[in-house]
Amino acid sequence: MLAPPFPAAAIVAARDAAKLHLRIPGTAEDALLEAHAETALALCEAFTGQALIVRTWQAVLPAHAAWQRLVGAPVTTIDSVEGLNVSDNGFALPADTYAIDIDAAGEGWVRGSAAIAAGRLRVGYAAGLAAEWSALPAPLTQGVVLLAAHLFEARASGGAPPAAVAALWRPWRRMRLENARRSA
């Protein structure tokens, strides 16, 4: 499942922070810095295993009785659960045919039942650490800025990103065991 796109305001804020770090005046490099900022945000999410900015996610899951974890985390709300037919058209489900939960770690969970004839669920939810760039923890934003600046400065020569980026992000990293199951 691909993560939903970042809000434009978050990309612009990360770009502006990188411009400040690099001491770049004017707007001539804005488009390039925005691309690097978006890449740095995506790499931060991949490294930490957490969505940075709260945004709307969607998951399609099999409708069976085992609890299934939603990919995006931390989950803030689970807004909708609907059945899917073979044409991918959604339909309303009776409330007693599925269950949802958000645990203390921010993991979202969904399970269906045999009463769902279509066999698939479409789940709409919101996930992310903060509502906007300015509310993210400082180590995460600093790592994004350092990585975006590195990508900008090393665009012609390449080179490894600064080790400080991983050091800043490592405390925020979520590790998931692939076969982890939630008990009923």
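Only one of the listed residues (GLY112, GLY90, GLY119, GLY106) is more than 26 Å from ALA46 (Cβ to Cβ), in contact with a Pro (Cβ under 7 Å, 6 or more places away or on another chain) and not acidic (Asp, Glu). That residue is GLY119. Against the conditions (1) at pLDDT 95 or above; (2) farther than 26 Å from ALA138 by Cβ, SER87 satisfies every one except (1).
Does ALA99 fit the bill of being surrounded by fewer than 12 Cβ atoms within 10 Å (Cβ to Cβ), among the hydrophobic types (A, V, I, L, M, F, W, C) and out of contact with any helix residue (DSSP H, G or I) (no Cβ under 8 Å at 6 or more places or on another chain)?
Details: surrounded by fewer than 12 Cβ atoms within 10 Å (Cβ to Cβ): no; among the hydrophobic types (A, V, I, L, M, F, W, C): yes; out of contact with any helix residue (DSSP H, G or I) (no Cβ under 8 Å at 6 or more places or on another chain): yes.
The answer is no for ALA99.
Filtering region 69-113 to residues that are of a type in the set (Gly, Ala, Ser), more than 12 Å from TRP57 (Cβ to Cβ) and not in a loop (DSSP other than H, G, I, E, B) leaves GLY83, GLY90, ALA95, ALA99. Of the numbered criteria (1) in contact with a Leu (Cβ under 9 Å, 6 or more places away or on another chain); (2) in a helix (DSSP H, G or I); (3) surrounded by 15 or more Cβ atoms within 10 Å (Cβ to Cβ), the one ALA17 fails is (1).
The values are calculated or read from the model by the stated rules, or taken from the named source; none is laboratory data. All values reported here derive from a predicted model rather than from experimental measurement. Ideal geometry is used to build each Cβ from the backbone, glycine not excepted, and the neighbour counts take in all protein chains shown.
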